[in-house]
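The values are calculated or read from the model by the stated rules, or taken from the named source; none is laboratory data. Everything numeric here is computed off the predicted structure, so don't read it as measured data. Virtual Cβ from ideal backbone geometry, glycine too; neighbours counted across all protein chains shown.
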Amino acid sequence: MAPGLPSFFMGTIHLTAQDFKDKIFDYEKEQAWKYKGSLPAIVDFYAEWCGPCKAIAPVLEELSVTYSDKLVIYKIDTDKELELSALFGIQSIPTLLFIPMEGSLMVQKGALPKNVLEQVIEERLLKPVGASEDPGE
């Protein structure tokens with residue numbers, strides 16, 4: 001848990017495979033990726049025994065509070081949700097999925113520093129839909 005946060009305030013949301021199908025993408029019914037959520041999301045594939053996962057967990061909790069009205073951060077325990085781990089080809093943890101409202105998701109392996117996570121959130125997840133890198137395009 002992020003330092004200074006009361007124990008009752010946990011910003012990240014733990015998902016099961018069924019939760020994933022209900023809230024993110026129903027891979028059993030849909031062929032093409034279409035995100036179901038109403039806010040951009042980050043999905044953290046982790047395990048309780050994983051050192052780097054434990055290192056990034058407080059950062060994700062802190063970001064979930066900072067961006068509470070702009071994005072959702074989910075956590076999936078790879079030891080409990082083998083089907084989801086296999087579906088995304090998770091071979092190393094932590095692995096993060098960055099899910100914008102439109103477009104394809106981005107997969108990143110490893111524990112990223114907070115400043116890099118903030119940059120990805122701002123540039124990839126919160127950038128207005130249709131915003132171009134180059135205004136001349």
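May I ask you to verify whether Leu82 is over 21 Å from Lys34 (Cβ atoms), aliphatic (A, V, I, L, M) and over 15 Å from the mean Cα position of the chain (by Cα)?
Yes; evaluated as a whole, the condition is true for this residue.
Only one of (1) within 21 Å of Lys127 (Cβ to Cβ); (2) assigned to a loop (DSSP other than H, G, I, E, B); (3) touching a strand residue (DSSP E or B) at 6+ places or on another chain (Cβ under 8 Å); (4) not charged (D, E, K, R) fails for Ser38. Which number is that?
(3)
In the range 94-132, which residues are assigned to a loop (DSSP other than H, G, I, E, B), touching a Lys or Arg at 6+ places or on another chain (Cβ under 8 Å) and either under 21 Å from Leu15 (Cβ atoms) or among the acidic types (Asp, Glu) (or both)?
Listed by number, the residues that qualify are Pro94, Pro100.
What pairs come out if I take residues in the range 96-117 that are closer than 16 Å to Ile73 by Cβ and pair them with residues that are part of a loop (DSSP other than H, G, I, E, B) and modelled with pLDDT under 95 whose C-beta lies under 6 Å away, six or more apart or interchain?
Within 6 Å, the pairs are Leu97/Leu105; Ile99/Tyr35; Ile99/Leu105.
Quick one: is Phe20 surrounded by 13 or more Cβ atoms within 10 Å (Cβ to Cβ) and outside any helix (DSSP H, G or I)? Break it down into steps so the answer makes sense when it comes.
Details: surrounded by 13 or more Cβ atoms within 10 Å (Cβ to Cβ): yes; outside any helix (DSSP H, G or I): no.
In short, no.
Examine the range 49-61 for a residue that is part of a loop (DSSP other than H, G, I, E, B) and either surrounded by fewer than 13 Cβ atoms within 10 Å (Cβ to Cβ) or out of contact with any Leu (no Cβ under 7 Å at 6 or more places or on another chain) (or both), and state whether such a residue exists. Let's see the steps before the verdict.
Keep residues of the range 49-61 that are part of a loop (DSSP other than H, G, I, E, B), which gives 49-50.
Next cut, either surrounded by fewer than 13 Cβ atoms within 10 Å (Cβ to Cβ) or out of contact with any Leu (no Cβ under 7 Å at 6 or more places or on another chain) (or both) only: 49-50.
Yes, the range 49-61 has at least one match.
If Val116 satisfies every condition in (1) closer than 19 Å to Thr16 by Cα; (2) out of contact with any His (no Cβ under 7 Å at 6 or more places or on another chain) but one, which is the exception?
Result: Val116 passes all but (1).
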